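Below is one structure, written out as structure tokens, with a few remarks after it.
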Amino acid sequence: NILLGRMLDQEREVAHPRGWRVPNQLLPPEDNGNTDEPSSHMVDHTDSAPSLSFLPPRKGGHLLRQILQSFVDRGIKGDRATFAMHIKFNALVQRNMDSANAIFQALIDSGIQPNIYHYGALMEGHAAVGNMGAATRVMQSAAEAGLAVDVKTYTILIAGYARLALPSKASEVFRNMIAEGIR
């Protein structure tokens with residue numbers, strides 16, 4: 001899971017860089033000679049246990065991808081952490097919320113109880129695509145499911161509203177967080 005998480009972070013940074021930094025991978029190939037472009041490869045997510053192969057293959061022999069491929073070749077399936085990363089990949093890298101929601105439903109259908117990380121991955125995805133209403137509803141669903149929303153879930157909403165240049169809404173969420181006793 002640590003390796004898979006690191007690969008997810010790399011995919012996310014390439015697909016949607018943060019801040020002022022623009023990685024070399026985002027420059028046109030003629031500018032830097034890089035042909036290591038992300039693939040649009042999608043893996044069927046209807047299995048009861050997710051395959052570890054949801055990250056798209058890249059050209060080149062990246063060591064982490066070779067290790068991941070070894071796991072896939074041996075038929076090793078994912079667990080609840082893998083489901084969370086699979087949701088994050090579809091929500092934050094692919095920006096495909098229909099797929100992320102389908103993976104969340106597959107998690108439930110497989111009998112695994114979602115935790116705050118699964119809900120948080122959905123929240124982040126909705127916030128990333130600017131659907132703050134959906135992100136808020138996901139947080140409310142997590143609370144209704146008996147999960148403790150925390151500073152991280154509220155921060156997803158605050159950052160989402162900030163990215164949309166809605167400081168009054170971000171401040172409102174912050175005030176609600178404080179009113180809930182979350183520091």
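The values are calculated or read from the model by the stated rules, or taken from the named source; none is laboratory data. A quick note: this is a predicted structure, and the numbers were derived from the prediction, not measured. Every residue, glycine as well, gets a Cβ built from its backbone with ideal geometry; the counts of neighbours run over all protein chains shown. Side chains are part of the model used for accessible areas, which takes the heavy atoms of the whole protein and leaves out ligands, DNA and RNA. Shrake-Rupley method; radii C 1.70, N 1.55, O 1.52, S 1.80 Å.
List the pairs whose first member sits in the range 145-165 and is closer than 14 Å to ASN176 by Cα, whose second member is crowded, with 21+ Cβ neighbours inside 10 Å and charged (D, E, K, R), and whose Cβ atoms are under 8 Å apart, counting only residues at least 6 apart or on separate chains?
ILE156/GLU124
Could you tell me which residue of the range 133-157 is farthest from PRO114 (Cα to Cα), considering only residues that are among the hydrophobic types (A, V, I, L, M, F, W, C) and open to solvent by less than 40 Å² (accessible area, probe 1.4 Å)?
Looking at residues that are among the hydrophobic types (A, V, I, L, M, F, W, C) and open to solvent by less than 40 Å² (accessible area, probe 1.4 Å), I get LEU157.
GLN113 passes all but one of (1) surrounded by 15 or more Cβ atoms within 10 Å (Cβ to Cβ); (2) within 16 Å of THR82 (Cβ to Cβ); (3) not aromatic (Phe, Trp, Tyr); which number fails?
If we test GLN113 against (1) surrounded by 15 or more Cβ atoms within 10 Å (Cβ to Cβ); (2) within 16 Å of THR82 (Cβ to Cβ); (3) not aromatic (Phe, Trp, Tyr), just (1) comes out false.
Tell me yes or no: at least one residue of the range 86-99 is more than 12 Å from the chain's Cα centre (by Cα) and surrounded by 13 or more Cβ atoms within 10 Å (Cβ to Cβ).
no
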